[in-house]
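Structure first, commentary second.
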Amino acid sequence: MEKFFIKGSRRYNLRHNRERSQSPEFGKMINGQGLGLVAKFRYGICHMSFNGCEVIAVHNALVYLNKPRTLAEISFYMERFRVLFGFFGCNAYSIGKALRHFGVENIRSKSADGAETFIVTFWTKRPFLSEIHTVFCVRNGQSIDVYNRYNNCPIVRRYRSVKEAVGNGRIIAVYTIEKTEEISI
């Protein structure tokens, strides 16, 4: 007898996402959460194209640090931090806990000053009256490479500063990823 799972539950989403395990290609960064099969992955009651940016930011950090995990596994763990059944994505203040769970040391702050590798969560427009978005960033000389900056953008976007990357949005939290010997580019 096949188990019955409630649509949107952690177990339902895990089964649904594992069935799509061929995408994204294991060990590859994700850009454009609304593109390809990753858009059909589920987080909470929605598809990841709508609310999966925090999960994707953690995924991209793990890939960058050469500690890849499947998107289904990361999503399953982070389901415990979803807000309003995942309709509002993940609790932005739990990203550090998820990173630590997967073996990544990090520090939460309000600024990315001096950070080489970090995850930033920000309001896209006015605080509490707009959506939040979360991205993985790598400082590259005088610029910052931002992964999954837009829902429909399949490439890494490059900005001169964090302020330029978040536009008119206000930063909620920055997770500076501690350097380890395992980082490889």
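How many residues does segment 39-71 contain that are of a type in the set (Val, Ile, Thr), open to solvent by less than 10 Å² (accessible area, probe 1.4 Å) and more than 17 Å from His101 (Cβ to Cβ)?
Residues meeting the conditions: 0.
Restricted to segment 107-180, the set of strands (runs of 3 or more DSSP E) holding at least 3 residues that are more than 15 Å from the chain's Cα centre (by Cα) comprises 157-159. Kindly evaluate Gly32 against the criterion of being assigned to a loop (DSSP other than H, G, I, E, B), more than 22 Å from Gly96 (Cα to Cα), open to solvent by less than 10 Å² (accessible area, probe 1.4 Å) and modelled with pLDDT under 85. In short, no. Of everything in segment 72-91 that is open to solvent by less than 10 Å² (accessible area, probe 1.4 Å) and either closer than 25 Å to Asn140 by Cβ or assigned to a loop (DSSP other than H, G, I, E, B) (or both), the residue that is modelled with the highest pLDDT is Ile74. For segment 136-148, enumerate the residues that are touching a residue at least 40 places away in the same chain (Cβ under 8 Å) and under 19 Å from Thr124 (Cβ atoms). If the condition is that a residue be touching a residue at least 40 places away in the same chain (Cβ under 8 Å) and under 19 Å from Thr124 (Cβ atoms), then Phe136, Tyr147, Asn148 are the ones that fit.
Is it the case that some residue within segment 119-128 is charged (D, E, K, R) and open to solvent by less than 80 Å² (accessible area, probe 1.4 Å)? Scanning segment 119-128, I find no residue that is charged (D, E, K, R) and open to solvent by less than 80 Å² (accessible area, probe 1.4 Å), so the answer is no.
The values are calculated or read from the model by the stated rules, or taken from the named source; none is laboratory data. Just so you know, these numbers come straight off a predicted model, no measurement behind them. Reconstructed Cβ throughout: ideal geometry from the backbone, glycine too, with neighbour counts over all protein chains shown. Only protein heavy atoms, including side chains, enter the accessible area calculation; ligands, DNA and RNA are left aside. Shrake-Rupley method; radii C 1.70, N 1.55, O 1.52, S 1.80 Å.
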